[in-house]
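Colleague: Here it is: the structure, laid out below.
The values are calculated or read from the model by the stated rules, or taken from the named source; none is laboratory data. Given the structure is predicted, the values throughout are model-derived calculations rather than measurements. All Cβ positions, even for glycine, are placed from backbone atoms using ideal geometry, and neighbour counts span all protein chains on display.
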Amino acid sequence: MAYSEKVIEHYENPKNVGTLDQNDPSVGTGLVGAPACGDVMRLQIKVNEAGVIEDARFKTFGCGSAIASSSLATEWIKGKTVDEAFAIKNSQIAEELSLPPVKIHCSVLAEDAIKSAIEDYRRKRAAREAAAREQGNS
Amino acid sequence: MTDPFDVLGIEPRFRLDLESVGARHRDLSRALHPDRYVGRPANERRLALSRAIEVNQAFGIVRDPVRRAQALLARHGVSVPEGSEPPAEPTFLMRMLELREELAALVATKDVSALERFIERAEADEAGAVEALAAGFAELERRAEPPPEITGELVRRLGELRYYRRLLGEARAARDEIE
(Lines give C-alpha, C1' and ligand atoms only; values in the text may rest on other atoms or scores of the structure.)
Protein backbone atom coordinates (compact mmCIF):
# COMPACT_ATOMS: atom_id res chain seq x y z
CA MET A 1 0.00 0.00 0.00
CA ALA A 2 1.21 3.47 -0.81
CA TYR A 3 1.81 5.82 2.08
CA SER A 4 1.21 9.52 1.66
CA GLU A 5 4.23 11.82 1.60
CA LYS A 6 3.37 13.20 5.03
CA VAL A 7 3.21 9.71 6.53
CA ILE A 8 6.61 8.87 5.07
CA GLU A 9 8.03 12.19 6.33
CA HIS A 10 6.86 11.47 9.90
CA TYR A 11 7.86 7.83 9.66
CA GLU A 12 11.40 8.52 8.49
CA ASN A 13 11.86 11.55 10.67
CA PRO A 14 9.52 11.10 13.64
CA LYS A 15 9.21 14.05 16.00
CA ASN A 16 9.29 13.75 19.78
CA VAL A 17 10.23 10.08 20.14
CA GLY A 18 11.16 9.21 23.70
CA THR A 19 9.98 9.14 27.26
CA LEU A 20 9.20 11.58 30.05
CA ASP A 21 9.47 10.72 33.73
CA GLN A 22 6.28 8.88 34.53
CA ASN A 23 6.59 9.76 38.22
CA ASP A 24 6.78 13.50 37.59
CA PRO A 25 3.45 14.93 38.85
CA SER A 26 3.25 17.26 35.84
CA VAL A 27 3.54 14.33 33.41
CA GLY A 28 0.55 12.37 32.10
CA THR A 29 1.06 8.99 30.44
CA GLY A 30 -1.31 7.37 27.97
CA LEU A 31 -0.89 3.77 26.94
CA VAL A 32 -3.18 2.40 24.27
CA GLY A 33 -3.23 -0.51 21.87
CA ALA A 34 -5.06 -1.80 18.83
CA PRO A 35 -5.89 -5.47 19.27
CA ALA A 36 -6.67 -5.90 15.57
CA CYS A 37 -3.09 -5.25 14.54
CA GLY A 38 -1.19 -5.53 17.82
CA ASP A 39 0.06 -1.94 17.74
CA VAL A 40 1.09 -0.38 21.03
CA MET A 41 1.37 3.37 21.56
CA ARG A 42 2.59 5.34 24.57
CA LEU A 43 2.13 9.08 24.57
CA GLN A 44 3.26 11.37 27.37
CA ILE A 45 2.61 15.03 28.08
CA LYS A 46 4.26 17.50 30.43
CA VAL A 47 1.87 20.20 31.55
CA ASN A 48 2.96 23.52 33.08
CA GLU A 49 1.22 25.54 35.81
CA ALA A 50 -0.90 27.39 33.23
CA GLY A 51 -2.35 24.11 31.95
CA VAL A 52 -0.33 24.28 28.72
CA ILE A 53 1.34 21.19 27.31
CA GLU A 54 4.96 22.21 27.11
CA ASP A 55 6.40 18.89 26.05
CA ALA A 56 5.12 15.67 24.51
CA ARG A 57 6.84 12.38 23.73
CA PHE A 58 5.75 9.13 22.19
CA LYS A 59 6.89 5.60 21.58
CA THR A 60 4.90 3.58 19.08
CA PHE A 61 5.37 0.02 17.97
CA GLY A 62 3.33 -0.42 14.85
CA CYS A 63 3.02 0.41 11.19
CA GLY A 64 4.11 3.59 9.47
CA SER A 65 0.68 5.16 9.80
CA ALA A 66 0.57 4.52 13.56
CA ILE A 67 4.01 6.07 14.01
CA ALA A 68 3.10 9.04 11.80
CA SER A 69 -0.20 9.54 13.65
CA SER A 70 1.50 9.66 17.04
CA SER A 71 4.33 11.84 15.77
CA LEU A 72 1.84 14.33 14.37
CA ALA A 73 -0.26 14.14 17.54
CA THR A 74 2.72 15.15 19.72
CA GLU A 75 3.51 18.03 17.36
CA TRP A 76 -0.03 19.31 17.48
CA ILE A 77 -0.56 19.15 21.22
CA LYS A 78 2.66 20.94 22.14
CA GLY A 79 1.79 24.51 23.07
CA LYS A 80 -1.91 23.73 23.36
CA THR A 81 -3.85 23.80 26.61
CA VAL A 82 -4.97 20.47 27.97
CA ASP A 83 -8.57 21.26 26.99
CA GLU A 84 -7.59 22.19 23.43
CA ALA A 85 -5.59 19.00 23.08
CA PHE A 86 -8.48 16.97 24.42
CA ALA A 87 -10.65 18.29 21.57
CA ILE A 88 -8.38 16.95 18.81
CA LYS A 89 -10.26 14.46 16.66
CA ASN A 90 -8.86 11.45 14.89
CA SER A 91 -10.47 12.69 11.65
CA GLN A 92 -8.18 15.74 11.73
CA ILE A 93 -5.12 13.50 12.03
CA ALA A 94 -6.37 11.16 9.30
CA GLU A 95 -7.05 14.11 7.01
CA GLU A 96 -3.68 15.75 7.60
CA LEU A 97 -1.87 12.47 6.83
CA SER A 98 -4.27 11.42 4.02
CA LEU A 99 -4.73 8.05 5.69
CA PRO A 100 -6.61 5.45 3.61
CA PRO A 101 -9.73 3.88 5.19
CA VAL A 102 -7.85 0.76 6.33
CA LYS A 103 -5.47 2.95 8.35
CA ILE A 104 -8.05 5.16 10.03
CA HIS A 105 -7.74 3.07 13.20
CA CYS A 106 -4.16 4.37 13.55
CA SER A 107 -5.49 7.91 13.92
CA VAL A 108 -8.12 6.63 16.37
CA LEU A 109 -5.29 5.15 18.41
CA ALA A 110 -3.49 8.51 18.45
CA GLU A 111 -6.63 10.34 19.62
CA ASP A 112 -7.16 7.71 22.33
CA ALA A 113 -3.53 8.11 23.39
CA ILE A 114 -3.87 11.90 23.76
CA LYS A 115 -7.06 11.50 25.80
CA SER A 116 -5.60 8.74 27.92
CA ALA A 117 -2.49 10.85 28.70
CA ILE A 118 -4.66 13.84 29.62
CA GLU A 119 -6.89 11.70 31.83
CA ASP A 120 -3.83 10.33 33.59
CA TYR A 121 -2.53 13.87 34.13
CA ARG A 122 -5.92 15.01 35.48
CA ARG A 123 -6.14 12.02 37.79
CA LYS A 124 -2.71 12.78 39.20
CA ARG A 125 -3.55 16.44 39.66
CA ALA A 126 -6.86 15.66 41.39
CA ALA A 127 -5.10 13.24 43.72
CA ARG A 128 -2.46 15.86 44.49
CA GLU A 129 -5.07 18.52 45.20
CA ALA A 130 -7.02 16.16 47.44
CA ALA A 131 -3.82 15.41 49.34
CA ALA A 132 -3.10 19.13 49.66
CA ARG A 133 -6.60 19.79 51.05
CA GLU A 134 -6.12 16.95 53.48
CA GLN A 135 -2.88 18.56 54.58
CA GLY A 136 -4.58 21.92 54.97
CA ASN A 137 -7.38 20.51 57.10
CA SER A 138 -5.21 18.70 59.57
CA MET B 1 -19.81 -15.74 4.83
CA THR B 2 -20.93 -19.32 5.35
CA ASP B 3 -20.06 -20.85 8.67
CA PRO B 4 -16.79 -22.75 8.19
CA PHE B 5 -17.77 -25.52 10.63
CA ASP B 6 -20.96 -26.14 8.67
CA VAL B 7 -19.07 -26.10 5.37
CA LEU B 8 -16.69 -28.79 6.63
CA GLY B 9 -19.43 -30.64 8.50
CA ILE B 10 -17.57 -30.63 11.80
CA GLU B 11 -18.46 -29.83 15.40
CA PRO B 12 -18.09 -26.11 16.19
CA ARG B 13 -15.45 -26.38 18.90
CA PHE B 14 -12.26 -24.48 19.67
CA ARG B 15 -10.28 -27.58 20.63
CA LEU B 16 -10.10 -29.53 17.41
CA ASP B 17 -8.22 -32.56 16.24
CA LEU B 18 -6.58 -30.75 13.35
CA GLU B 19 -5.43 -34.01 11.80
CA SER B 20 -8.93 -35.35 11.38
CA VAL B 21 -10.15 -31.93 10.20
CA GLY B 22 -7.33 -32.02 7.64
CA ALA B 23 -8.43 -35.47 6.50
CA ARG B 24 -12.01 -34.20 6.20
CA HIS B 25 -10.77 -31.28 4.10
CA ARG B 26 -8.82 -33.63 1.82
CA ASP B 27 -11.84 -35.93 1.34
CA LEU B 28 -14.13 -33.05 0.49
CA SER B 29 -11.58 -31.49 -1.85
CA ARG B 30 -11.09 -34.80 -3.64
CA ALA B 31 -14.84 -35.29 -4.08
CA LEU B 32 -15.17 -31.77 -5.49
CA HIS B 33 -12.10 -31.94 -7.74
CA PRO B 34 -12.73 -30.68 -11.32
CA ASP B 35 -11.42 -34.01 -12.69
CA ARG B 36 -14.50 -35.67 -11.28
CA TYR B 37 -16.74 -33.25 -13.11
CA VAL B 38 -15.33 -33.68 -16.61
CA GLY B 39 -18.21 -34.00 -19.06
CA ARG B 40 -20.79 -32.82 -16.53
CA PRO B 41 -23.09 -29.84 -17.21
CA ALA B 42 -21.52 -26.41 -16.81
CA ASN B 43 -23.70 -25.40 -13.85
CA GLU B 44 -22.65 -28.53 -11.93
CA ARG B 45 -19.00 -27.85 -12.68
CA ARG B 46 -19.38 -24.25 -11.51
CA LEU B 47 -21.13 -25.33 -8.33
CA ALA B 48 -18.46 -27.92 -7.54
CA LEU B 49 -15.76 -25.32 -8.08
CA SER B 50 -17.40 -22.76 -5.82
CA ARG B 51 -17.96 -25.45 -3.18
CA ALA B 52 -14.29 -26.43 -3.44
CA ILE B 53 -13.26 -22.81 -2.90
CA GLU B 54 -15.60 -22.57 0.08
CA VAL B 55 -14.13 -25.74 1.60
CA ASN B 56 -10.61 -24.36 1.21
CA GLN B 57 -11.54 -21.07 2.83
CA ALA B 58 -13.31 -22.87 5.66
CA PHE B 59 -10.23 -25.00 6.33
CA GLY B 60 -8.05 -21.89 6.32
CA ILE B 61 -10.29 -20.33 8.98
CA VAL B 62 -10.71 -23.40 11.15
CA ARG B 63 -7.02 -24.27 11.41
CA ASP B 64 -6.00 -20.78 12.48
CA PRO B 65 -6.77 -20.18 16.20
CA VAL B 66 -7.52 -16.46 15.73
CA ARG B 67 -9.89 -16.93 12.80
CA ARG B 68 -11.41 -20.04 14.40
CA ALA B 69 -12.18 -18.02 17.52
CA GLN B 70 -13.77 -15.27 15.41
CA ALA B 71 -15.93 -17.82 13.58
CA LEU B 72 -17.03 -19.38 16.87
CA LEU B 73 -17.86 -15.98 18.34
CA ALA B 74 -19.84 -15.16 15.18
CA ARG B 75 -21.94 -18.27 15.83
CA HIS B 76 -22.84 -16.68 19.16
CA GLY B 77 -23.78 -13.45 17.45
CA VAL B 78 -20.58 -11.68 18.48
CA SER B 79 -18.74 -10.03 15.62
CA VAL B 80 -15.53 -8.18 16.31
CA PRO B 81 -14.91 -5.84 13.40
CA GLU B 82 -11.53 -4.18 13.30
CA GLY B 83 -11.35 -1.08 15.46
CA SER B 84 -14.27 -2.05 17.69
CA GLU B 85 -12.34 -4.28 20.07
CA PRO B 86 -12.47 -3.42 23.75
CA PRO B 87 -9.22 -1.90 24.99
CA ALA B 88 -6.65 -4.24 26.48
CA GLU B 89 -5.91 -4.25 30.20
CA PRO B 90 -3.34 -1.58 31.12
CA THR B 91 -1.04 -4.16 32.73
CA PHE B 92 -1.13 -6.25 29.56
CA LEU B 93 -0.35 -3.24 27.38
CA MET B 94 2.49 -2.32 29.70
CA ARG B 95 3.95 -5.80 29.36
CA MET B 96 3.54 -5.63 25.58
CA LEU B 97 5.35 -2.30 25.49
CA GLU B 98 8.20 -3.74 27.57
CA LEU B 99 8.48 -6.75 25.27
CA ARG B 100 8.51 -4.45 22.23
CA GLU B 101 11.26 -2.35 23.79
CA GLU B 102 13.26 -5.46 24.62
CA LEU B 103 12.86 -6.65 21.04
CA ALA B 104 13.96 -3.29 19.65
CA ALA B 105 17.08 -3.42 21.85
CA LEU B 106 17.90 -6.96 20.69
CA VAL B 107 17.47 -5.97 17.06
CA ALA B 108 19.80 -3.01 17.59
CA THR B 109 22.56 -5.27 18.96
CA LYS B 110 21.95 -7.88 16.21
CA ASP B 111 22.33 -10.62 18.81
CA VAL B 112 20.77 -13.57 16.98
CA SER B 113 20.98 -16.08 19.82
CA ALA B 114 19.35 -13.64 22.26
CA LEU B 115 16.72 -13.00 19.60
CA GLU B 116 16.14 -16.74 19.29
CA ARG B 117 15.60 -16.98 23.04
CA PHE B 118 13.21 -14.03 22.88
CA ILE B 119 11.24 -15.76 20.11
CA GLU B 120 11.06 -18.97 22.14
CA ARG B 121 9.64 -17.08 25.10
CA ALA B 122 7.16 -15.25 22.88
CA GLU B 123 6.09 -18.58 21.37
CA ALA B 124 5.43 -19.92 24.85
CA ASP B 125 3.41 -16.77 25.62
CA GLU B 126 1.46 -17.22 22.40
CA ALA B 127 0.75 -20.86 23.25
CA GLY B 128 -0.44 -19.70 26.67
CA ALA B 129 -2.79 -17.20 25.04
CA VAL B 130 -4.20 -19.93 22.77
CA GLU B 131 -4.67 -22.15 25.81
CA ALA B 132 -6.47 -19.37 27.70
CA LEU B 133 -8.76 -18.96 24.70
CA ALA B 134 -9.38 -22.72 24.53
CA ALA B 135 -10.29 -22.81 28.23
CA GLY B 136 -12.69 -19.89 27.71
CA PHE B 137 -14.38 -21.59 24.76
CA ALA B 138 -14.69 -24.82 26.73
CA GLU B 139 -16.61 -22.82 29.33
CA LEU B 140 -18.76 -21.26 26.61
CA GLU B 141 -19.52 -24.61 25.00
CA ARG B 142 -20.71 -26.04 28.33
CA ARG B 143 -23.54 -23.51 28.48
CA ALA B 144 -26.73 -23.41 26.45
CA GLU B 145 -27.04 -19.64 26.80
CA PRO B 146 -23.68 -18.13 27.67
CA PRO B 147 -23.83 -14.78 29.47
CA PRO B 148 -22.26 -11.81 27.67
CA GLU B 149 -19.43 -11.68 30.25
CA ILE B 150 -18.10 -14.93 28.83
CA THR B 151 -18.05 -13.77 25.23
CA GLY B 152 -16.65 -10.39 26.33
CA GLU B 153 -13.83 -12.18 28.13
CA LEU B 154 -13.19 -14.29 25.02
CA VAL B 155 -12.93 -11.18 22.86
CA ARG B 156 -10.35 -9.82 25.30
CA ARG B 157 -8.32 -13.05 25.22
CA LEU B 158 -8.52 -13.07 21.44
CA GLY B 159 -7.08 -9.56 21.45
CA GLU B 160 -4.17 -10.70 23.61
CA LEU B 161 -3.43 -13.54 21.22
CA ARG B 162 -3.31 -11.05 18.37
CA TYR B 163 -0.76 -8.92 20.23
CA TYR B 164 1.51 -11.94 20.71
CA ARG B 165 1.08 -12.86 17.06
CA ARG B 166 2.16 -9.44 15.98
CA LEU B 167 5.10 -9.45 18.36
CA LEU B 168 6.24 -12.85 17.11
CA GLY B 169 5.81 -11.82 13.47
CA GLU B 170 8.10 -8.86 13.99
CA ALA B 171 10.63 -10.84 16.03
CA ARG B 172 10.87 -13.54 13.35
CA ALA B 173 11.13 -10.98 10.56
CA ALA B 174 13.95 -9.25 12.46
CA ARG B 175 15.79 -12.56 12.96
CA ASP B 176 15.45 -13.49 9.28
CA GLU B 177 16.79 -10.10 8.30
CA ILE B 178 19.86 -10.35 10.55
CA GLU B 179 20.68 -13.92 9.54
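Colleague: Tell me yes or no: at least one residue of the range B:159-177 is of a type outside the set (Lys, Arg), loosely packed, with under 13 Cβ neighbours inside 10 Å and away from chain A (no Cβ under 14 Å).
Modeller: Quick first cut of the range B:159-177, residues of a type outside the set (Lys, Arg) only: B:159-161, B:163-164, B:167-171, B:173-174, B:176-177.
Add one more test, that the residue is loosely packed, with under 13 Cβ neighbours inside 10 Å, and what stays is B:169, B:173, B:176-177.
Subset that is away from chain A (no Cβ under 14 Å): B:176-177.
For the range B:159-177, residues of a type outside the set (Lys, Arg), loosely packed, with under 13 Cβ neighbours inside 10 Å and away from chain A (no Cβ under 14 Å): present.
Colleague: Next question. Does A:GLN44 satisfy the condition of being surrounded by 24 or more Cβ atoms within 10 Å (Cβ to Cβ), within 14 Å of another protein chain (Cβ to nearest Cβ) and of a type outside the set (Lys, Arg)?
Modeller: Criteria met by A:GLN44.
Colleague: When you check B:GLU131 against the structure, is it farther than 22 Å from A:VAL40 by Cα, surrounded by fewer than 18 Cβ atoms within 10 Å (Cβ to Cβ) and modelled with pLDDT of 95 or more, yes or no?
Modeller: Yes: the conditions hold for B:GLU131.
Colleague: Here's something else I'd like to know. On the basis of being without any contact (Cβ under 8 Å) to a residue 60 or more places away in the chain, of a type in the set (Ser, Thr, Tyr) and under 23 Å from B:GLY169 (Cβ atoms), does A:SER65 make the cut?
Modeller: Values: without any contact (Cβ under 8 Å) to a residue 60 or more places away in the chain: no; of a type in the set (Ser, Thr, Tyr): yes; under 23 Å from B:GLY169 (Cβ atoms): yes.
No.
Colleague: Just one of B:VAL107, B:VAL130, B:VAL80, B:VAL112 is closer than 30 Å to A:GLU111 by Cβ, touching a residue at least 12 places away in the same chain (Cβ under 8 Å) and more than 10 Å from every other protein chain (Cβ to nearest Cβ); which is it?
Modeller: On the way: B:VAL130 fails: closer than 30 Å to A:GLU111 by Cβ; B:VAL80 fails: more than 10 Å from every other protein chain (Cβ to nearest Cβ); B:VAL112 fails: closer than 30 Å to A:GLU111 by Cβ.
The match here is B:VAL107.
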